[in-house]
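Undergrad: Quick one: the structure is below, questions incoming.
The values are calculated or read from the model by the stated rules, or taken from the named source; none is laboratory data. Source: prediction; values computed, not measured. With ideal geometry, Cβ positions are generated from the backbone for all residues, glycine too; neighbour counts draw on all protein chains shown.
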Amino acid sequence: MRTICVFLGLLGMFFLTACSQNLSLDDREENGTVSGVPATRTGEGTMGAVVDGKRWVAGFYSPLANYAASASSTSAGLTVTGIRETILQNGTQIIETIRLYVNPQGPGTWPITTGAASFNRVETVPGSNGSSTNTTFLVPDGQSGTLTITRYDPQLKILSGSFQFTASHVFNGQISTIDVDHGIFDVMIR
């Protein structure tokens with residue numbers, strides 16, 4: 001009887017494991033969020049999102065780099081920037097940037113309108129004499145996203161929140177789009 005119970009237990013674990021491999025990204029969480037970035041509100045210098053169905057977490061390949069995500073003051077408000085640097089096996093360097101242009105009044109939810117968010121990708125291939133492919137996706141007219149500020153503390157210089165948007169890139173008359181969902185950030189204002 002004990003052998004049968006152990007067998008059924010192992011069989012049940014096998015099916016649960018097999019089923020969990022088929023979950024959508026929305027059903028899997030890491031660090032408490034779908035983007036894989038902890039949902040802190042202490043100015044940790046983090047940003048993450050799901051970009052076209054794949055996790056995107058700000059971070060640098062170089063250990064000399066400082067902040068993967070931060071906010072800076074501009075005349076129009078704040079620019080929140082997250083940067084991810086990747087070096088592929090063949091030496092190709094890819095730098096991707098998410099930027100949000102915000103004018104926080106405190107906690108709340110606002111629409112991301114035309115030009116208020118972008119996703120940029122720069123790819124440099126070894127042996128290309130430094131030439132790069134630069135692709136920028138912007139929120140176009142008629143589309144929007146959502147920005148939620150969960151903490152804005154100008155005295156401590158902390159800004160935290162979440163975001164989602166769809167952006168477009170036009171090249172030679174061809175339009176391509178990118179979906180940025182489940183975005184989360186926790187940055188210091190510099």
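Undergrad: For the range 168-190, give me the residue count where each residue is in a strand (DSSP E or B), more than 16 Å from the chain's Cα centre (by Cα) and farther than 19 Å from I149 by Cα. So that I can check it myself, show each step before the final result.
TA: Narrowing the range 168-190 to residues in a strand (DSSP E or B): 168-171, 174-189.
Next, from what is left, pick out any that are more than 16 Å from the chain's Cα centre (by Cα): 168-171, 174-176, 188-189.
Those left that are additionally farther than 19 Å from I149 by Cα: 168-171, 174-176.
The qualifying residues number 7.
Undergrad: Within the range 52-71, track down each residue that is in a strand (DSSP E or B) and modelled with pLDDT under 90. Break it down into steps so the answer makes sense when it comes.
TA: Filtering the range 52-71 down to residues in a strand (DSSP E or B) leaves 54-57, 59, 69-71.
Hit for the range 52-71 is G59, nothing else.
Undergrad: Exposed (fewer than 14 other Cβ atoms within 10 Å of the Cβ) and touching an Asp or Glu at 6+ places or on another chain (Cβ under 6 Å): does that describe T86? Full working, then the answer.
TA: Values: exposed (fewer than 14 other Cβ atoms within 10 Å of the Cβ): yes; touching an Asp or Glu at 6+ places or on another chain (Cβ under 6 Å): no.
Taking the combined requirement at face value, the residue does not satisfy it.
Undergrad: Under 8 Å by Cβ, and 6 or more places apart or on different chains, what pairs join a residue from the range 174-186 that is without any contact (Cβ under 8 Å) to a residue 40 or more places away in the chain with one that is surrounded by fewer than 19 Cβ atoms within 10 Å (Cβ to Cβ)?
TA: Listed pairs, sorted by first residue: I175/S168; I175/H169; S176/S168; S176/H169.
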